[in-house]
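Structure, as structure tokens:
The values are calculated or read from the model by the stated rules, or taken from the named source; none is laboratory data. Remember, predicted model here, so these are calculated numbers, not experimental data. Backbone-built Cβ (ideal geometry, glycine too); neighbour counts: all protein chains shown. Just the protein is used for accessible areas: all its heavy atoms, side chains included, with ligands, DNA and RNA removed. Shrake-Rupley method; radii C 1.70, N 1.55, O 1.52, S 1.80 Å.
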Amino acid sequence: SHYYHPECMKDYLNSKINVGKVSAADIICPLLACLKQITGAVIQVALNAEELEKYVKFKLKFDYNSEVDYYKTCPLCDAGMILRKTDPTFKCTKQGCSRYNQISCAKCDAIPIHEGTCDQYQKSKADERQQKAFQDEMKRQGNQACPKCNVFVQRTTGCNCMTCKNPSCLKDNGEIYFCYICGVQIASHADYAHFPGRDLFGKVCNNQPVPREEVKKEEAKIRVPRQPAMLAEADFMAPLRLLRRPEVKKMAKEIKKQAKEAKKRNNV
């Protein structure tokens, strides 16, 4: 191997591509001392996306039976890669792209790589979204799921200690008990320690805060009486306005005058 100037290699490759000479015998090192075939990795680095796409089109047209089958681009940028028919993955090589150096499925662009066919993967993702929507709706309605088998139950009467009756759960784990309030597995069908005050029929458990309506009730019971409101600003200003009245000012001057005269008499 040896070094080459990027622009020189770019011009050399384009001179071959523009005339349709893209076979393995044509795309060789221009150095007479080398003359080895130029690898696909070098071609991808030297050419931009448009030039590389043109190269691939000629390659497919004149050399369709080769291992190179198509040119794959990143769904978020113009970075591309020459792939074979059997290549299962694609990796974006453009720095700055959110998918840079991430390996995705070459067919459906999924990250991470999935098992099975793309159709099977897409169906499983759709099922997951549907299942999550169902679970969110069940939780919104106040239902709870078994922590082992994730089957939802709806309580109409009784305490907050649930026993899962799902056959698959019973087969794999035996009887599973869980709290209807928080959904966590508990020790028995009457786990008093899990509930404050040993109240199995209440609205709270050790893992979940007190419901909002209960908080308001408790706050009302222990609410500290409010301190009397401070006097309004007008009440504070009343004495100042009184001092500004003419008759009060005149009275104040008389008092000062009498005080000065009294002081003079005392000094004499």
Item to check | ASN14 at pLDDT 85 or above, surrounded by 14 or more Cβ atoms within 10 Å (Cβ to Cβ) and polar (S, T, N, Q) | outcome: yes
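Filter the stretch 17-40 down to residues that are small (Gly, Ala, Ser) and over 22 Å from CYS92 (Cα atoms) and give me whichever is least open to solvent (accessible area, probe 1.4 Å).
GLY20
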Checklist entry - Taking the stretch 95-111, which residues are touching a Leu at 6+ places or on another chain (Cβ under 9 Å) and either open to solvent by 40 Å² or more (accessible area, probe 1.4 Å) or in contact (Cβ under 8 Å) with a residue 60 or more places away in the chain (or both)? => result SER98, ARG99
Next on the checklist: Pairs needed: first member in the stretch 175-202, closer than 18 Å to CYS146 by Cβ; second member anywhere, outside any strand (DSSP E or B) and of a type in the set (Lys, Arg); C-beta distance under 7 Å; at least 6 residues apart or different chains.
Outcome noted: ILE176/LYS148; TYR180/ARG155
Checklist entry - (1) over 20 Å from ARG84 (Cα atoms); (2) modelled with pLDDT under 80; (3) in contact with a Phe, Trp or Tyr (Cβ under 9 Å, 6 or more places away or on another chain): which one isn't true of CYS29, the others all being true? => result (2)
Checklist entry - Which of (1) of a type in the set (A, V, I, L, M); (2) surrounded by fewer than 11 Cβ atoms within 10 Å (Cβ to Cβ); (3) part of a helix (DSSP H, G or I) does ILE43 not meet, given it meets every other one? => result (2)
Item to check | Residue within the stretch 147-159 that is out of contact with any Phe, Trp or Tyr (no Cβ under 9 Å at 6 or more places or on another chain) and surrounded by fewer than 10 Cβ atoms within 10 Å (Cβ to Cβ) present | outcome: yes
Checklist entry - So how many residues does the stretch 47-87 have that are farther than 15 Å from CYS105 by Cβ and modelled with pLDDT of 80 or more? => result 9
Item to check | Residue match in the stretch 72-86 (condition: basic (Lys, Arg), under 30 Å from ASN48 (Cα atoms) and open to solvent by less than 40 Å² (accessible area, probe 1.4 Å)) | outcome: yes
Checklist outcome for this item: Within the stretch 123-146, of all residues that are out of contact with any Gly (no Cβ under 9 Å at 6 or more places or on another chain) and among the aliphatic types (A, V, I, L, M), the one surrounded by the most Cβ atoms within 10 Å (Cβ to Cβ) is MET138
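Need a quick list: strands (runs of 3 or more DSSP E) entirely within the stretch 69-180 having at least 2 residues that are more than 25 Å from VAL204 (Cβ to Cβ) and touching a Lys or Arg at 6+ places or on another chain (Cβ under 7 Å).
Once the strands (runs of 3 or more DSSP E) in the stretch 69-180 are filtered for at least 2 residues that are more than 25 Å from VAL204 (Cβ to Cβ) and touching a Lys or Arg at 6+ places or on another chain (Cβ under 7 Å), what remains is 80-84.
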